[in-house]
Amino acid sequence: MTTTSMSGSHEPASQPAASAGRTPTAPREMRKIAGASAIGTGIELYDFLIFGLAAGLVFPKLFFPESDPLVGSLLSFMTFGAGFLSRPLGGIVFGHFGDRFSRKTMLVISLVATGVCTVAMGLLPTYATVGVLAPILLVALRVLQGFFMGGEQSGAFLMVTEHAPTGRKSFYGAFVTAGSPIGSILGIGVFNIVAVATGPAFGEWGWRIPFLASAVLIAVGIYVRLGIAESPVFRTMAADKTVTKLPLASVLATALPLLLGGVLVNLGFNLFIFIVNSFSMSYGTEHLGMDRNVILMSGMAGSVGMLISVFVAGWLADRVGLIKVMLAGALFQVIWAFPYFMLFDSRSAGLIYVAVIVAYVGLSFVFGPMAAYYVSLFKPEHRYSGVALSYNLGAVLGGGLSPSIATWLMGTFEGSSTAISAYIAIGGVLSAIGLLITAPQVRRASTATLGD
């Protein structure tokens, strides 16, 4: 295995940029890279989110019609979770080639392939047409979609953060995490417009339109992604021939505690955010009998709040420290877990808006600085592999399972939301534990150039 000539330590932040083996990215180019990453990640999150919305609204009846409503919702959310199960494998594959050959190329491939899977979902026959083959095809496409998305957000974390200047990495990294609320706004907006426009036909064929619309977004994403420069850190590694042949083996051998800590951080965050943006739809409409538009538009409002607050969180993290800001977000999750469902259970549209908006904004303090956080954990020669595996394993164990677990808890405890709230609170505690495990490394990296 070719090993890096770099030491495990970092150069002090006061060192000139040239000592990191690269010249600083020009401000104009930095803005272009940040904007392109936000757009690209937003498109991929749109693809992922519309599946979650459809899983709560139409898939139980279209693909699992022989089940009772609760079992149909559970099967639908398990299909939703199947996309998460393949994400770590995708992270391993994309991380390997991203560490060895090109960060940029992996991002373009992941974007195109994820979008193709989304468009194909919009063309699927339903159970009424082909029987059991319909859910099989749905699961297969969902697994493929998750595989390709496994390299997306983690790769975008690297691309932006490795270009960003020291002292502003959390802020610029927030452009990547801003892609999530952008995708939510796009997904919820398109779903709402199509649902109103197609009326009763939405459950028959209208639901296909948001999936097919992804074809237009793919074209936009390819255009913006091809226009950005390769990561300067990777260019330096390639020029110096310090690329590692087996980056994942390097991660497991030298950074296993950091990998596990990173898993816990994203596990807790994803656990709550996917209950908010996916499970809450079926909970509100089927269990509480609320109007679908109330839940959709509360999610839209929450996403707008998150779009602003991730930048606030990133700005704060650059000034007071990543760990402090992210720990505040984890503590918020523990505190807000019970009020969230208490407000939902009121069946008041206004209080549901409060529950969702506050959840999105509060969770931004974990999510906003995530790019700089994960990049700070691993050395450049195995960084893509380390970030992709830890981030995606957390996504599987958190977001991939939480809608199904929440549905099961609701059925087990006869419709009570208390057990779900306790589950969310445990997720916040797990995030905090992960942050504490990795805090020494993050603090060391905060005084160094992440490109070193």
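The values are calculated or read from the model by the stated rules, or taken from the named source; none is laboratory data. The structure presented is a predicted model; accordingly, all values stated were derived computationally and were not measured. So basically every Cβ, Gly included, is an ideal-geometry build from the backbone, and we count neighbours across all protein chains shown. Surface areas here come from the heavy atoms of the whole protein model, side chains and all, with no ligands, DNA or RNA. Shrake-Rupley method; radii C 1.70, N 1.55, O 1.52, S 1.80 Å.
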How about region 71-174: which helices (runs of 4 or more DSSP H) wholly inside it have at least 2 residues that are open to solvent by less than 20 Å² (accessible area, probe 1.4 Å)?
87-100, 103-121, 133-149, 152-163
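Yes/no matrix, rows are residues, columns are (1) of a type in the set (Ser, Thr, Tyr); (2) surrounded by fewer than 24 Cβ atoms within 10 Å (Cβ to Cβ); (3) part of a helix (DSSP H, G or I):
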{"residue": "Ala330", "(1), (2), (3)": "no, no, yes"}
{"residue": "Gln333", "(1), (2), (3)": "no, no, yes"}
{"residue": "Phe341", "(1), (2), (3)": "no, yes, yes"}
{"residue": "Tyr353", "(1), (2), (3)": "yes, yes, yes"}
{"residue": "Tyr360", "(1), (2), (3)": "yes, no, yes"}
{"residue": "Ser364", "(1), (2), (3)": "yes, no, yes"}
{"residue": "Ala371", "(1), (2), (3)": "no, no, yes"}
{"residue": "Val375", "(1), (2), (3)": "no, no, yes"}
{"residue": "Tyr384", "(1), (2), (3)": "yes, no, yes"}
Among the candidates Gly284, Gly289, single out the residue that is under 30 Å from Phe202 (Cβ atoms), more than 19 Å from the chain's Cα centre (by Cα) and not in a helix (DSSP H, G or I).
Gly289
The correct count of residues that are polar (S, T, N, Q), in a helix (DSSP H, G or I) and within 19 Å of Phe332 (Cα to Cα) in region 411-433 is 3
Looking at region 393-410, which of the residues that are in a helix (DSSP H, G or I) and open to solvent by 40 Å² or more (accessible area, probe 1.4 Å) is farthest from Gly284 (Cα to Cα)?
Leu393
Select from region 42-77 the residues that are at pLDDT 80 or above, under 13 Å from Glu286 (Cα atoms) and touching a helix residue (DSSP H, G or I) at 6+ places or on another chain (Cβ under 6 Å) and list them in ascending order.
Val58
Being aliphatic (A, V, I, L, M) and open to solvent by 80 Å² or more (accessible area, probe 1.4 Å) narrows it down to one of Ile228, Ile193, so name that one.
Ile193
In region 251-264, the residues that are open to solvent by less than 20 Å² (accessible area, probe 1.4 Å) and either of a type outside the set (A, V, I, L, M) or in contact with a Phe, Trp or Tyr (Cβ under 7 Å, 6 or more places away or on another chain) (or both):
Val251, Ala255, Gly261, Gly262
Check Ser303, Ser278, Ser298 and return the single one that is part of a helix (DSSP H, G or I), at pLDDT below 85, open to solvent by less than 10 Å² (accessible area, probe 1.4 Å) and closer than 22 Å to Phe191 by Cα.
Ser278
Just wondering, is there one or more residues in region 340-350 that are in contact with a Leu (Cβ under 6 Å, 6 or more places away or on another chain) and under 29 Å from Leu57 (Cα atoms)?
yes
Identify the residue in region 434-452 that is in a helix (DSSP H, G or I) and open to solvent by 30 Å² or more (accessible area, probe 1.4 Å) and, among all such residues, is modelled with the lowest pLDDT.
Ser446
(1) open to solvent by 20 Å² or more (accessible area, probe 1.4 Å); (2) over 17 Å from Val224 (Cα atoms); (3) hydrophobic (A, V, I, L, M, F, W, C) all hold for Ile182 apart from (2)
